Amino acid sequence: MRKHKIKKRFSMRPMLTVFLGFLALILIGSFLLTLPVSNKNGEWLRFIDALFTSASAVCVTGLTVRSTAVDFSAFGQVVLLLLIQVGGLGIMTLATLVFMLIGKRITLRDRVALQEALGQDHIKGIVRLVRNIVIMTAVIECAGAVLLLPFFCVKNGAIGIWQAVFVSVSAFCNAGFDILGTASSPYASLTEFNGNAGVLLTVGALIILGGLGFTVINDILNNKFRFGRYSLHTKIVLVATLILILFGTLFFICSEYLSAAYDGLNFGQKLLNSIFQSVTARTAGFNAIDQNSMSQPGIILTCILMFIGASPGGTGGGIKTTTFAVIVLMAFAGLRNREEITVGKCNIKIKTGFRAVTIATMSIILILVGALVISATNGQLDVNLIAFETISAFATVGLSMGICPALSVGAKFMLILIMFVGRLGPLSIGMIFSKRDTLNIKYPSANIMIG
């Protein structure tokens, strides 16, 4: 009887399929990365390091305990790229693509799982959306690789072709992995290109497109760039993204202008790096400047941008731009003593507001607990570094202060868990294991004092 109840409890939860799919992919990736053929030294990689790297790739984070360029062989780099691509597109998207190619019928259950994975309100046209997602991904990533090709080839020769492809895929998937490191600078990322507008603007554009979400890009293309015809979701995403980028750019140019992070850069390069830092902090994790050299205000804003993250349906993490926007709109409604969340001529459902607050609350709790566990197992590390790394892991950003390789096994497991929850979303995972309220009982209202 108990087994029947457990089976019934989980049988109708499509998100569980996505959960198990991501978990299986991480474990498969871990096994492949442990193999001697995946490592340049020809030795077996420690399982915890392979698991951490695989989880970071599948969850499109970018935090690393081993240098992708220095420690992994060509085979290992290909494995990582495939994990990043599948993690960015999503398990259900890839499975649906395979079903379409082999002519297998896509069932209603598959469509519902796709709806959950892609954050859609309905299943109508969901298979067509998957086809469009795959086409958009291929076109954008190919265009990004072509644009990056001349810069990397001029600097690094023929290997620049592979570097351009890898960085383009990693940037669009908001993963933050790169293969630009050297023996003397294993975690260089884009620091050697911090004065190259072509590289930083191309990578920045790929990050933004991946972070906007496939639904938003599809809406823009279908409505031929006419803002008035966009859905409310698309409008909020575009406005929120633009405001965050502009605010971040202005703040960074002011806070970092005289900091060590901008040493040796002229005004144009400082402005360029301020734009790039504002973009990469929310979603990707590529760094063109040394994060440890930033000012304290700059680090704090980076943490805030990481926490907010990308937009729903995209390849980035965080609580999402729409969640942040809804919470801000709720605050304004509360200040005006209104019981409805209004934007323009539309009312946002109170249920949506509750979901936004739930996501933010669960995210904060996860980050605090994660930082506490990591601090307890690595007492010698500065708490500010731990907080930065924990937020980066949750938001699947990948910006780092460089402490990951030195973390204890327990701390690495904690970051893996945080990355996993951050990629799937704390609300989605919570709904998998929580008991659903189907009684819809209404109780008498009561007032409490707050504030």
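The values are calculated or read from the model by the stated rules, or taken from the named source; none is laboratory data. What you see is a predicted model; the values in this text were computed from it and never measured. All Cβ positions, even for glycine, are placed from backbone atoms using ideal geometry, and neighbour counts span all protein chains on display. Only protein heavy atoms, including side chains, enter the accessible area calculation; ligands, DNA and RNA are left aside. Shrake-Rupley method; radii C 1.70, N 1.55, O 1.52, S 1.80 Å.
Some observations on this one:
- Positions within region 259-290 being farther than 20 Å from THR396 by Cα, of a type in the set (D, E, K, R) and buried (at least 18 other Cβ atoms within 10 Å of the Cβ), in sequence order: LYS270
- From the list ASN174, ASN132, the one residue that fits, being polar (S, T, N, Q) and part of a helix (DSSP H, G or I), is ASN132.
- Filter result for LEU272 (part of a helix (DSSP H, G or I) and touching a residue at least 60 places away in the same chain (Cβ under 8 Å)): yes
- The one condition from (1) polar (S, T, N, Q); (2) touching an Asp or Glu at 6+ places or on another chain (Cβ under 9 Å); (3) modelled with pLDDT of 85 or more that GLN115 does not meet is (3).
- SER293 vs. criteria under 12 Å from the mean Cα position of the chain (by Cα) and more than 16 Å from GLY398 (Cα to Cα): no
- Condition check for GLY160: of a type in the set (Gly, Ala, Ser) and exposed (fewer than 15 other Cβ atoms within 10 Å of the Cβ): no
- The one condition in (1) more than 24 Å from GLY344 (Cα to Cα); (2) open to solvent by 20 Å² or more (accessible area, probe 1.4 Å); (3) touching a residue at least 12 places away in the same chain (Cβ under 8 Å) that GLY313 fails to fulfil: (1)
- Look at region 248-266: where a residue is under 17 Å from ASN292 (Cα atoms) and a partner is exposed (fewer than 15 other Cβ atoms within 10 Å of the Cβ), sitting 6+ places away or on another chain with Cβ atoms under 7 Å, you get SER255/PRO297; SER259/SER293; ALA260/SER293; ALA261/SER293.
- Matching residues, region 386-412, being within 26 Å of CYS173 (Cβ to Cβ) and either β-branched (Val, Ile, Thr) or open to solvent by 30 Å² or more (accessible area, probe 1.4 Å) (or both): ALA387, THR390, ILE391, THR396, VAL397, SER400, GLY402, ILE403, PRO405
- Some residue of region 191-204 being more than 21 Å from the chain's Cα centre (by Cα), free of Cβ contacts under 8 Å to residues at least 24 places away in the same chain and open to solvent by 20 Å² or more (accessible area, probe 1.4 Å): no
- Positions within region 326-355 being open to solvent by 20 Å² or more (accessible area, probe 1.4 Å) and either within 22 Å of the chain's Cα centre (by Cα) or of a type in the set (A, V, I, L, M) (or both), in sequence order: ILE327, VAL328, LEU329, MET330, ALA331, LEU335, VAL343, ILE348, ILE350, THR352, ARG355
- When THR358 is tested against the conditions (1) assigned to a helix (DSSP H, G or I); (2) touching a residue at least 60 places away in the same chain (Cβ under 8 Å); (3) of a type in the set (Ser, Thr, Tyr); (4) surrounded by 17 or more Cβ atoms within 10 Å (Cβ to Cβ), the lone failure is (4).
- Any hit, region 207-220, residues being of a type in the set (S, T, N, Q), surrounded by fewer than 22 Cβ atoms within 10 Å (Cβ to Cβ) and modelled with pLDDT under 90: yes
- Evaluation of GLY160 against (1) assigned to a helix (DSSP H, G or I); (2) closer than 21 Å to LEU242 by Cα (one fails), failing number: (2)
- Looking at ILE365, ILE416, ILE432, ILE391, just one residue is at pLDDT below 90 and assigned to a helix (DSSP H, G or I), and that residue is ILE432.
- Screening LYS224 on (1) free of Cβ contacts under 8 Å to residues at least 12 places away in the same chain; (2) assigned to a helix (DSSP H, G or I); (3) open to solvent by 60 Å² or more (accessible area, probe 1.4 Å) shows it passes everything except condition (2).
- Lone qualifier among ALA288, ALA261, ALA188, ALA183 - being over 27 Å from VAL130 (Cβ atoms), at pLDDT 90 or above, among the small types (Gly, Ala, Ser) and in a loop (DSSP other than H, G, I, E, B): ALA288
- A residue that is of a type in the set (D, E, K, R) and assigned to a helix (DSSP H, G or I) occurs somewhere in region 37-53.
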